[in-house]
């Protein structure tokens, strides 16, 4: 008997720190997935991210098995880490809260390139710089 896809769930979980509590439990519990098994596999796969939010896409099949794909962390989380900030600016157009260099932006672009809708590195760089500006970060040379 072939496996048939029953559903798909998308959510963000801190890397290496997933628990069966929400959002994991509420997203996967309705499909009858073994939450402990998912949490164990996810934590093993994302241990090196250590608390950074990781987007996950979980595909559930009719025999209650699952597959999951981990995406790269959000650009905002990577920018906050690069700038050493806890959060961005509430008013980014008037209040700047930090700086990131072009080198740091290039590192983030290389890390996120597989998940970005960009045709080349220059396009990806402009996208990440836009995110930085909207968070109240200055992009320096």
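Observations, loosely collected:
- Residue check, residue 46 touching a strand residue (DSSP E or B) at 6+ places or on another chain (Cβ under 7 Å) and modelled with pLDDT of 90 or more: no
- Qualifying residue in segment 106-113 (condition: loosely packed, with under 15 Cβ neighbours inside 10 Å and within 16 Å of residue 135 (Cβ to Cβ)): no
- Residue 97 buried (at least 17 other Cβ atoms within 10 Å of the Cβ) and modelled with pLDDT of 90 or more: no
- Checking residue 92 against (1) touching a helix residue (DSSP H, G or I) at 6+ places or on another chain (Cβ under 8 Å); (2) in a loop (DSSP other than H, G, I, E, B); (3) surrounded by fewer than 14 Cβ atoms within 10 Å (Cβ to Cβ), the condition it does not meet: (3)
- Checking the stated criteria, residue 55 turns out not to satisfy the condition of being within 26 Å of residue 126 (Cα to Cα), in a loop (DSSP other than H, G, I, E, B) and out of contact with any helix residue (DSSP H, G or I) (no Cβ under 6 Å at 6 or more places or on another chain).
- Single residue of segment 24-37 satisfying the filter (touching a helix residue (DSSP H, G or I) at 6+ places or on another chain (Cβ under 8 Å) and buried (at least 21 other Cβ atoms within 10 Å of the Cβ)) that is farthest from residue 58 (Cα to Cα): 24
- When residue 114 is tested against (1) in contact (Cβ under 8 Å) with a residue 24 or more places away in the chain; (2) in contact with a helix residue (DSSP H, G or I) (Cβ under 8 Å, 6 or more places away or on another chain), just one condition goes unmet, and that condition is (2).
- Only residues that are touching a helix residue (DSSP H, G or I) at 6+ places or on another chain (Cβ under 7 Å), in a helix (DSSP H, G or I) and farther than 17 Å from residue 73 by Cβ were counted in segment 117-141, giving 3.
The values are calculated or read from the model by the stated rules, or taken from the named source; none is laboratory data. Since this is a predicted model, take the numbers as computed values, not measurements. Quick reminder, even Gly has a Cβ in these numbers, built from the backbone with ideal geometry, and neighbours come from all protein chains shown.
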